[in-house]
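The values are calculated or read from the model by the stated rules, or taken from the named source; none is laboratory data. Quick caveat, the model's predicted, so the values are computed rather than measured. Positions of Cβ are backbone-derived with ideal geometry, glycine not excepted, and every protein chain shown enters the neighbour counts.
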Amino acid sequence: MAKEIGILKLSPFVREFLTKDLLFVNANIYNRDKSMKDVYIIRNKSDVKQTLGVLIAPLIPELFVCKTLELPWKDNVNNASCIPIGSYICRYTQSARLSRVTGKAIFTYEVLNVANRLGIRIHSANYFSQLSGCVALGDTHKDINFDGQLDVIHSGDTIKKFVDLMEQEDFILHIISIELYLLKA
């Protein structure tokens, strides 16, 4: 059973957003393969060092939920910024950089078709300082290095579970900011 990290505690406003407004987001990706699964990153806090959020994969028969960690928004600068809000195809591919660093073939999900960016990955990491524009997954946000910033923990296990549940298949990643949505409301 997936962990229910905040799902049952969502406010009616956020619940309505997730059920109604995400339908609009789904319609905005072109050449969509209808068989592809939808995965959502809902960003809920950002500062000058990092961006925190929740990844939700409404898989059948299981709902997968985990925490995300990204760099802050810095005008989509390569290796320094989080991914722009939008919808992207993700594909399980070999990472040349991670394979070179480890000396063995490393496969991760790659986020494709991000304007002016290449090599964006969903991979394990605990701290924002370990990211170069990629997304880290973990089961909890916690300040594990006592620097005053929330990190993600159990990242390797969370990534493995996510990849296993996704069966290494392509999916559509929808990135949304609750903070921006609340400003519009």
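Some points to look at:
- Leading residue by the ranking (modelled with the lowest pLDDT) among those in segment 133-185 that are buried (at least 18 other Cβ atoms within 10 Å of the Cβ) and among the hydroxyl-bearing types (S, T, Y): S177
- Subset of segment 66-91 (residues that are among the acidic types (D, E) and either in contact with a strand residue (DSSP E or B) (Cβ under 7 Å, 6 or more places away or on another chain) or buried (at least 18 other Cβ atoms within 10 Å of the Cβ) (or both)): E70
- Checking F64, F107 one by one, the residue that is under 23 Å from E167 (Cβ atoms) and modelled with pLDDT under 95 is F64 and no other.
- When R91, R117 are checked against the criterion of being of a type outside the set (D, E), touching a residue at least 12 places away in the same chain (Cβ under 8 Å) and farther than 26 Å from L150 by Cβ, a single residue qualifies: R91.
- Screening segment 99-185 for strands (runs of 3 or more DSSP E) wholly inside it with 1 or more residues that are in contact with a Lys or Arg (Cβ under 6 Å, 6 or more places away or on another chain) returns the ranges 107-111, 135-138, 140-142, 151-153, 171-177.
- Among the residues of segment 77-98, the one identified as assigned to a loop (DSSP other than H, G, I, E, B), within 21 Å of F162 (Cα to Cα) and among the small types (G, A, S) is S95.
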